[in-house]
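Asker: My structure is below; once you've seen it, I'll send some questions.
The values are calculated or read from the model by the stated rules, or taken from the named source; none is laboratory data. The structure displayed is predicted, hence computed values, not measured ones. Quick reminder, even Gly has a Cβ in these numbers, built from the backbone with ideal geometry, and neighbours come from all protein chains shown.
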Amino acid sequence: MYLKSLELIGFKSFGKKTELEFNTPVAAVVGPNGSGKSNISEAMRFVLGEQSMKSLRSKKTEDLIYNGGSSDGRANRASVKLVFDNAKRLFDLDFDEVLVERAVYRDGSSEYKINGSQVRLRDVWELLSQANIGASGHHIISQGEADKILSSSIKDRRTIIEDALGLKIYQYKRAESERKLAKTEGNIEKVESLRREISPHIRFLKKQVEKIEKSQEMKRELSTLYEEYLYRESIYIKEASKRVEEAKKGPASRYSELERKLTEAKTILESAKSKDDKSDELISLERKLSEIRSRKDELSRKQGLIEGEISGLKRFVQKQKEREEREGNQSVPLSQVQSLITSFRRSVEDALIKDSVEAFRQSIVEVKGIFDTFLKKYSETGGEQGSVVSEHKEEIKRLEEQGENFIKELSEIKGEENELVASYNRLRSDIETEKDSSRDAERAIFSIMSEQNDVRSLLKDLSYEEDSIKMAKEAFDNELKEGSVLIGREIVRYEEGKLSTQNGGTLSFEDVMSEDRAIQKEREKSIEKIKIKLEDSGLSGSEEIMKEYKETTERDEFLEKELIDLRSSAESLKNLIGELEVRIDSEFKAGLSKINKEFQNLFSLMFGGGQASLVVIKEESRRRKIETEGIVLDDEEPQIEEEEEAKIGIDIKVSLPRKNTKGLMMLSGGERALTSIALLFAMSQVKPPPFLILDETDAALDEANSKKYADMIENLSKYSQLIVITHNRETMSRAGIIYGVTMDRSGLSKLLSIAFDKAVEVAK
């Protein structure tokens, strides 16, 4: 790869388009002082990405743009283009030529292009570093900067040498890796912080999910219990209802037949000529007994229904009490809360109207009393007044009172019935003792009434059983409603009717009906216990909780994976940084050894002997006191000190022949110039850059040393392309092409070129 051409438009004194072609190993740029020839080396710095205005001999960006002259107007932009031959693909681009361009505008903006495509400055630096090229590297040595490597600090000197050895690309990579590592470590801290933030919420949600899962397990258990319980209960209710209905048919028919016979017997008796007072008394007793027994049966039925309703209400109240005891919750009627607020507001408003300290004090006392009374009242009552429990208690009390009335009325009716039965039995005994055949009608009535009484008793028992089945049906319907709330549509699984027995067979109606009802009651109790636990769990919105838990845990898992990736990336970056540091160190040591060899050879050539070398040194660390203004420290307290970081750099050791001169400080100006040139050329020969720009580095040399300098340039041109800005005739004589720079009266720099065959003549 070599530098093919340089194009300047509007850059400093080059107001018009100016192009320099570098098709020889050495190209010289000459011209009088002030003609603008040094602007060419600065244009090279500019296009290669130099950011320091001081290095470009300017104060601001606008100073780089041609400001016009007497015959030309000022330019709006300055641009510089470099064209490189890339046939050997030193640049990692698939082009035979690589064009790097930089332009600046008067508004301060700038743009960079590579082969016409706009890029970032960083992209330009990375591209150039592939070929060991930089904006202010060792390969561009401007006027007055030859001595820079000698006067630099040991640390800066090391940086210059590292740049010359082509370590900049590794330093870029290391800096980039360190930047990525810092960013990665920052991301690790952020991710860890996020995980710490959501961790308590996950723990809370996990507990809620565990409760939900437990409740779901209870629901599954409840569903299984319900399936068997409801299946058995539905069969029992259906079969028992059918059995009672069948059992009632015969007695009911018989009772109707007896009623008919009794009516016929009474009709015969009433129309008989032999009827007497006993006959009338029998008919009256029969009628009264029939009426009073009907009333007694009706009251007994009502009493049974009331007892069943009271039993259900008491069970509900007991469950509510147990729940409130477990939860510690008490219900307070809204009206009582509103009354409390009204009293509180009235007391405060009165105090505000009076607007005095005493009034406010009195208001506080009143409010305290109101709250104390309220708390005492509901602590003693358990918060049941006006609540559902209280309403149920009042209903129980009403039903109990109604039941007591029924019991009292039943007692009275039974007393009347006993009197009528006594009269009936006495009359029957009297009639039975008579042997008169005219009493056959009365005896028939007695027989019918006796049988009718037996049938009525049987029907009464069946009626009680029927009422019991009805209550079971109501309880069954209630269980369906409550169960559907707790387990949803699973409640209807019992309708499938595919339950199995312990022996593996299918459960039949006979199996259900033959089972003791106490076992079914135990199932009911088990269901009730699980229902209470489910109600006590109090978990609402379980789907939302499960969804939130899933989303939160998935986020945490994602963050965990991201954290693993980040830590792995950080570890890889640390390893890469370590590898780069090892490579930089090893290549630096190897390169330094080669530089020392070339430096010694060139130094001996320049001075006819002597010793010169580069030495890695480490400055002693210093400790400095930290003074704190305005703070007085006890005498016994230790002084606060801070240890500065030890500096590792490069020192230059020189020893001139035939002189007792050692060290850079003892060298004269010319000797320093020769030393710096020897060192710069040594650095260039170890790892030659594609091109080298020397801006009047030979200005301080005498004629004898100029020849040595020119010989070294000629030798160096075998390794690097040279662009030399010079006044020295000896140097010019080694150039293949000479560009002459002149400046007209308007301040515009112009370019003239002389080919190789005329260069020697001009030089002489």
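Yes/no matrix, rows are residues, columns are (1) over 15 Å from Ala27 (Cα atoms); (2) surrounded by fewer than 20 Cβ atoms within 10 Å (Cβ to Cβ):
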site: Gly670; (1), (2): yes, yes
site: Thr675; (1), (2): yes, no
site: Val686; (1), (2): yes, no
site: Leu692; (1), (2): no, no
site: Ser706; (1), (2): yes, yes
site: Tyr709; (1), (2): yes, no
site: Arg729; (1), (2): no, yes
site: Ser749; (1), (2): yes, no
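Conditions (1) hydroxyl-bearing (Ser, Thr, Tyr); (2) assigned to a strand (DSSP E or B); (3) in contact with a Phe, Trp or Tyr (Cβ under 7 Å, 6 or more places away or on another chain), marked per residue:
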| residue | (1), (2), (3) |
| --- | --- |
| Ser5 | yes, yes, yes |
| Ser35 | yes, no, no |
| Met44 | no, no, no |
| Ser58 | yes, no, no |
| Asp63 | no, no, no |
| Arg74 | no, no, yes |
| Val80 | no, yes, yes |
| Val83 | no, yes, no |
| Leu93 | no, no, no |
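Asker: Can you find, within the stretch 63-88, the residue that is nearest to Val124 (Cα to Cα) among those that are in contact with an Asp or Glu (Cβ under 9 Å, 6 or more places away or on another chain) and among the charged types (D, E, K, R)?
Answerer: Step by step, filter the stretch 63-88, then rank; the result is Lys81.
Asker: Related question: Within the stretch 177-190, does at least one residue satisfy the condition of being over 30 Å from Ile584 (Cα atoms) and within 20 Å of the chain's Cα centre (by Cα)? Spell out how you get there, then give the answer.
Answerer: Of the residues in the stretch 177-190, the ones over 30 Å from Ile584 (Cα atoms) are 189-190.
Subset that is within 20 Å of the chain's Cα centre (by Cα): 189-190.
So far as the stretch 177-190 goes, yes, one or more of its residues are over 30 Å from Ile584 (Cα atoms) and within 20 Å of the chain's Cα centre (by Cα).
Asker: So, one more: Does the stretch 43-61 contain any residue that is closer than 16 Å to Leu752 by Cβ and under 59 Å from the mean Cα position of the chain (by Cα)?
Answerer: Narrowing the stretch 43-61 to residues closer than 16 Å to Leu752 by Cβ: none.
For the stretch 43-61, residues closer than 16 Å to Leu752 by Cβ and under 59 Å from the mean Cα position of the chain (by Cα): absent.
Asker: OK, next. Specify the residue that is modelled with the lowest pLDDT; the eligible residues are those in the stretch 169-208 that are acidic (Asp, Glu) and surrounded by 13 or more Cβ atoms within 10 Å (Cβ to Cβ). Quick ask: steps written out before the conclusion?
Answerer: Going through the stretch 169-208, the residues acidic (Asp, Glu) turn out to be 176, 178, 185, 189, 192, 197.
This time we only want the ones that are surrounded by 13 or more Cβ atoms within 10 Å (Cβ to Cβ), so: 176, 178, 185, 192.
Values: Glu176: 89, Glu178: 92, Glu185: 92, Glu192: 92.
Looking at the filtered set, the residue picked out is Glu176.
Asker: Now, a different point. Ser253: small (Gly, Ala, Ser) and either touching a helix residue (DSSP H, G or I) at 6+ places or on another chain (Cβ under 9 Å) or surrounded by 14 or more Cβ atoms within 10 Å (Cβ to Cβ) (or both), yes or no?
Answerer: Working: small (Gly, Ala, Ser): yes; either touching a helix residue (DSSP H, G or I) at 6+ places or on another chain (Cβ under 9 Å) or surrounded by 14 or more Cβ atoms within 10 Å (Cβ to Cβ) (or both): no.
So Ser253 does not fit the description; no.
Asker: Okay, moving on. Given the residues Lys4, Lys37, which is the only one that is within 18 Å of Leu692 (Cβ to Cβ), buried (at least 22 other Cβ atoms within 10 Å of the Cβ) and either modelled with pLDDT under 90 or charged (D, E, K, R) (or both)?
Answerer: Working: Lys4 fails: buried (at least 22 other Cβ atoms within 10 Å of the Cβ).
Matching residue, one of Lys4, Lys37: Lys37.
Asker: When you scan the stretch 18-33, how many residues do you find that are surrounded by 15 or more Cβ atoms within 10 Å (Cβ to Cβ) and assigned to a strand (DSSP E or B)? Give the derivation first.
Answerer: Filtering the stretch 18-33 down to residues surrounded by 15 or more Cβ atoms within 10 Å (Cβ to Cβ) leaves 18, 20-22, 24-31.
Now drop any that are not assigned to a strand (DSSP E or B), which leaves 18, 20-21, 26-30.
So the count comes out to 8.
Asker: Sticking with this one: Would it be correct to say that Gln143 is surrounded by fewer than 18 Cβ atoms within 10 Å (Cβ to Cβ), under 32 Å from the mean Cα position of the chain (by Cα) and modelled with pLDDT under 85? Steps first, please.
Answerer: On the way: surrounded by fewer than 18 Cβ atoms within 10 Å (Cβ to Cβ): yes; under 32 Å from the mean Cα position of the chain (by Cα): no; modelled with pLDDT under 85: yes.
Answer is no for this residue.
Asker: Looking at Glu349, Glu366, Glu358, Glu298, which is the one that is within 30 Å of Asp467 (Cα to Cα) and modelled with pLDDT of 70 or more?
Answerer: Values: Glu349 fails: within 30 Å of Asp467 (Cα to Cα); Glu366 fails: within 30 Å of Asp467 (Cα to Cα); Glu358 fails: within 30 Å of Asp467 (Cα to Cα).
After applying the criteria, what remains is Glu298.
Asker: Looking at Ala682, Ala710, Ala700, which is the one that is assigned to a loop (DSSP other than H, G, I, E, B), more than 19 Å from Ala43 (Cβ to Cβ) and touching a helix residue (DSSP H, G or I) at 6+ places or on another chain (Cβ under 6 Å)?
Answerer: Numbers: Ala682 fails: assigned to a loop (DSSP other than H, G, I, E, B); Ala710 fails: assigned to a loop (DSSP other than H, G, I, E, B).
The conditions single out Ala700.
Okay, residues lined up against (1) surrounded by fewer than 14 Cβ atoms within 10 Å (Cβ to Cβ); (2) not β-branched (Val, Ile, Thr):
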{"residue": "Ile530", "(1), (2)": "no, no"}
{"residue": "Lys547", "(1), (2)": "yes, yes"}
{"residue": "Glu557", "(1), (2)": "yes, yes"}
{"residue": "Ile564", "(1), (2)": "yes, no"}
{"residue": "Leu576", "(1), (2)": "no, yes"}
{"residue": "Glu579", "(1), (2)": "no, yes"}
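Asker: On the basis of being modelled with pLDDT of 70 or more, assigned to a helix (DSSP H, G or I), within 60 Å of the chain's Cα centre (by Cα) and of a type in the set (A, V, I, L, M), does Ile396 make the cut? Step through it out loud before you land on a result.
Answerer: Working: modelled with pLDDT of 70 or more: yes; assigned to a helix (DSSP H, G or I): yes; within 60 Å of the chain's Cα centre (by Cα): yes; of a type in the set (A, V, I, L, M): yes.
In short, yes.
Each row is one residue, and each column tells you yes or no for (1) closer than 19 Å to Arg196 by Cβ; (2) modelled with pLDDT of 90 or more; (3) in contact with a strand residue (DSSP E or B) (Cβ under 8 Å, 6 or more places away or on another chain); (4) not hydrophobic (A, V, I, L, M, F, W, C).
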{"site": "Ser540", "(1), (2), (3), (4)": "no, no, no, yes"}
{"site": "Glu543", "(1), (2), (3), (4)": "no, no, no, yes"}
{"site": "Lys547", "(1), (2), (3), (4)": "no, no, no, yes"}
{"site": "Thr553", "(1), (2), (3), (4)": "yes, yes, no, yes"}
{"site": "Asp565", "(1), (2), (3), (4)": "yes, yes, no, yes"}
{"site": "Lys574", "(1), (2), (3), (4)": "no, yes, no, yes"}
{"site": "Ile584", "(1), (2), (3), (4)": "no, no, no, no"}
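So that you can scan it fast, the table gives a plain yes or no per residue for (1) over 60 Å from the mean Cα position of the chain (by Cα); (2) within 19 Å of Ser655 (Cα to Cα):
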| position | (1), (2) |
| --- | --- |
| Leu667 | yes, yes |
| Ala682 | no, yes |
| Val686 | no, no |
| Asp698 | yes, no |
| Met712 | yes, no |
| Ser717 | yes, no |
| Gln721 | no, no |
| Thr726 | yes, no |
| Arg734 | yes, no |
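Asker: Find the residue count for the stretch 740-764, including only residues that are part of a strand (DSSP E or B) and either more than 15 Å from Lys16 (Cβ to Cβ) or at pLDDT below 80 (or both). First the steps, then the outcome.
Answerer: Our first condition is that a residue be part of a strand (DSSP E or B); within the stretch 740-764, this holds for 740-743, 749-754.
Going one step further and asking which of them are either more than 15 Å from Lys16 (Cβ to Cβ) or at pLDDT below 80 (or both), we end up with 740, 753-754.
Number satisfying all stated conditions: 3.
Asker: Okay, next question. Here is a check on your reading of the model: is Ile268 under 30 Å from Ile519 (Cβ atoms) and either surrounded by fewer than 18 Cβ atoms within 10 Å (Cβ to Cβ) or at pLDDT 70 or above (or both)? Working first, answer last.
Answerer: On the way: under 30 Å from Ile519 (Cβ atoms): no; either surrounded by fewer than 18 Cβ atoms within 10 Å (Cβ to Cβ) or at pLDDT 70 or above (or both): yes.
Against the criterion (under 30 Å from Ile519 (Cβ atoms) and either surrounded by fewer than 18 Cβ atoms within 10 Å (Cβ to Cβ) or at pLDDT 70 or above (or both)), Ile268 does not qualify.
Asker: Scan the stretch 69-94 for residues that are within 16 Å of Gly15 (Cα to Cα) and without any contact (Cβ under 8 Å) to a residue 60 or more places away in the chain and jot them down. Walk me through how you get there before you give the answer.
Answerer: Going through the stretch 69-94, the residues within 16 Å of Gly15 (Cα to Cα) turn out to be 69-81.
Hits for the stretch 69-94 are Gly73, Arg74.
Asker: Restricting to the stretch 102-129, name every residue that is of a type in the set (D, E, K, R), more than 40 Å from the chain's Cα centre (by Cα) and surrounded by 12 or more Cβ atoms within 10 Å (Cβ to Cβ). Let's see the steps before the verdict.
Answerer: Step one: list which residues in the stretch 102-129 are of a type in the set (D, E, K, R), which gives 102, 106-107, 111, 113, 120, 122-123, 126.
Then keep just the ones that are more than 40 Å from the chain's Cα centre (by Cα); that gives 102, 106-107, 111, 113.
If the condition is that a residue be of a type in the set (D, E, K, R), more than 40 Å from the chain's Cα centre (by Cα) and surrounded by 12 or more Cβ atoms within 10 Å (Cβ to Cβ), then Arg102, Arg106, Glu111, Lys113 are the ones that fit.
Asker: On to the next question. State whether one or more residues within the stretch 68-91 are in contact with a Ser or Thr (Cβ under 6 Å, 6 or more places away or on another chain), crowded, with 17+ Cβ neighbours inside 10 Å and not β-branched (Val, Ile, Thr).
Answerer: Within the stretch 68-91, not a single residue is in contact with a Ser or Thr (Cβ under 6 Å, 6 or more places away or on another chain), crowded, with 17+ Cβ neighbours inside 10 Å and not β-branched (Val, Ile, Thr).
Asker: Is there any pair with a first residue in the stretch 47-68 that is closer than 12 Å to Val104 by Cα and a second that is among the β-branched types (Val, Ile, Thr) whose Cβ atoms are under 8 Å apart and which are 6 or more apart or on different chains, and what are they?
Answerer: Sorted first by the residue in the stretch 47-68, then by its partner, the pairs are Val47/Val80; Val47/Val100; Gly49/Val124; Thr61/Val104; Leu64/Val104; Ile65/Val104.
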